[in-house]
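Please read the structure below before turning to the comments.
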Amino acid sequence: MLLAAVGLVRLPDLYTRMSATSKAATLGASLVLLGAAVHFGTAAAGGRAVVIVAFLFLTAPPAAHAIGRAGYRRRSPLWEGTVADELAGAEGASRRRMD
């Protein structure tokens, strides 16, 4: 989770920040929950932790994708070191429709 915070502060644009925070925060929260399950050592705590971890892994990637897509449609600037914009042709038509 510390890596997610560092990535949020240090990375240059929305897309790289989103990637770092969604991956690192999901992994960090999962490890904290699994550690709590081991600490309490009951089946109920373990079951709840597993369900919450599954929920995190099912919801974090679509949420990050939606944030990235919204940022792209709002024309959030790309980092100057970006090599390719693979959505330039695909999103162009939908950008024109929204304007």
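Couple of notes before you dig in:
- Those residues of segment 38-58 which are touching a helix residue (DSSP H, G or I) at 6+ places or on another chain (Cβ under 9 Å) and not charged (D, E, K, R), in sequence order: VAL38, HIS39, PHE40, ALA45, GLY46, GLY47, ALA49, VAL50, ILE52, VAL53, LEU56, PHE57
- Residue list for segment 78-89, filter: open to solvent by 100 Å² or more (accessible area, probe 1.4 Å) and modelled with pLDDT of 80 or more: TRP79, GLU80
- Residue pairs meeting the criteria (Cβ under 7 Å; at least 6 apart or on separate chains; first in a helix (DSSP H, G or I), in segment 75-98; second at pLDDT below 80): none
A quick yes/no check of all residues on (1) out of contact with any strand residue (DSSP E or B) (no Cβ under 9 Å at 6 or more places or on another chain); (2) open to solvent by 60 Å² or more (accessible area, probe 1.4 Å); (3) not in a helix (DSSP H, G or I):
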site: PRO12; (1), (2), (3): yes, yes, yes
site: THR26; (1), (2), (3): yes, no, no
site: LEU33; (1), (2), (3): yes, no, no
site: HIS39; (1), (2), (3): yes, yes, no
site: VAL53; (1), (2), (3): yes, no, no
site: PHE57; (1), (2), (3): yes, yes, no
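The values are calculated or read from the model by the stated rules, or taken from the named source; none is laboratory data. Note that the structure is predicted; figures quoted are calculated from it, not measured. Glycine gets a Cβ as well: all are built from the backbone with ideal geometry, and neighbour counts include every protein chain shown. The accessibility values were calculated without ligands, DNA or RNA, using every heavy atom of the protein model including side chains. Shrake-Rupley method; radii C 1.70, N 1.55, O 1.52, S 1.80 Å.
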